[in-house]
Amino acid sequence: MEGLRKSNSKLLSVVLSILAFLWVFPFLFVLINFAKSGTVYNLGDFWDIPKEFSIGENIEYINDRISIYISFFNSLFYGVAGSVLSIIIAALAAYGVTKLNIKGKFYWFLLIYSGTVFPFQMYLVPIYRAYVKTGLYDTQFGMILFYAAISIPFCTFVLRNFFQATSNSLSEAAKIDGASDFQIFYKIYLPMSKAPIAALFLFQFSFIWNDLLFGLTFSKSVGVRPIMPNLSALAGTGGAIGNVPAMLLACLVASIPTVFIYSVLNKHLEKGFVMTSK
């Protein structure tokens, strides 16, 4: 029996090592090739370590074709504003349907959560037409409004689970001391939900940052478009064929915010999972 366990453990280690290699392989490819020039990349081997770095040349190549800096800050703005706005509204809604005396709490929650029942692609045409009629199309406010609205149902679901697991004795004691419902929410429940809020911010920011479909549909100008649609435009202008290292560099730059936010919020992530799954 012990020999069988050891063999199973070795087999599992081999399988996990193979999977880890397959996961890391594309990243290694990017690190080795993003600093090469287009000519060196096309004439050399994929795994040749570059002797000369052409990062400046690649950045110039990118800037000649897309406004990566503007779109970078657009996505950063949308990710932060959309995530924060959706979490604030969802926290208020979750607190209302769990701790306040409201008739039909569960049905109000179902109404909010029904936004996740249908595929997001179903919203494209009606929202596009509404945006064109109301003047929200191709505006930063329209992009933030959409990203916040589409994130609210999931955030409400997570925070509702968290608030339901907390004891009502805290709010009852605060009410005896004369605290209002909003004060109880703001001073007691909101600080307690720091871990699930951190996890939600990471998820929603990553979703908004990596979005391609809605960014292409609801924006067209340089000053409004997020970064992912611009990266797809870089590939469409011959970037993926004419200068692969420049495309790799652009993708590497685009991955920086999500990696940074994950590294900052990582300590809250596992705790947030545990607390919201109870």
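The values are calculated or read from the model by the stated rules, or taken from the named source; none is laboratory data. Being a predicted model, the structure only gives us computed values, none of them experimental. Here Cβ is always computed from backbone atoms with ideal geometry, including for glycine, and neighbour counts include all displayed protein chains.
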Taking the criterion of being in the same structural domain as S169 (by TED's automatic domain parsing), surrounded by 11 or more Cβ atoms within 10 Å (Cβ to Cβ) and within 21 Å of the chain's Cα centre (by Cα), would at least one residue in segment 105-113 satisfy it? yes
Please pick out the residue among Y95, Y78 that is surrounded by 14 or more Cβ atoms within 10 Å (Cβ to Cβ) and either more than 23 Å from W209 (Cβ to Cβ) or not assigned by TED's automatic domain parsing to the domain that holds S171 (or both). Y95
Residues that are of a type in the set (G, A, S) and in a helix (DSSP H, G or I), drawn from segment 139-176: G142, A148, A149, S151, A165, S169, S171, A173, A174
Take A20 and tell me if it is small (G, A, S), farther than 21 Å from F260 by Cα and part of a loop (DSSP other than H, G, I, E, B). no
Would it be correct to say that L124 is over 18 Å from L85 (Cβ atoms) and not in a loop (DSSP other than H, G, I, E, B)? yes
Condition first: surrounded by 17 or more Cβ atoms within 10 Å (Cβ to Cβ) and not polar (S, T, N, Q). Now tell me which residues in segment 191-202 satisfy that. A195, P196, I197, A198, A199, L200, F201, L202
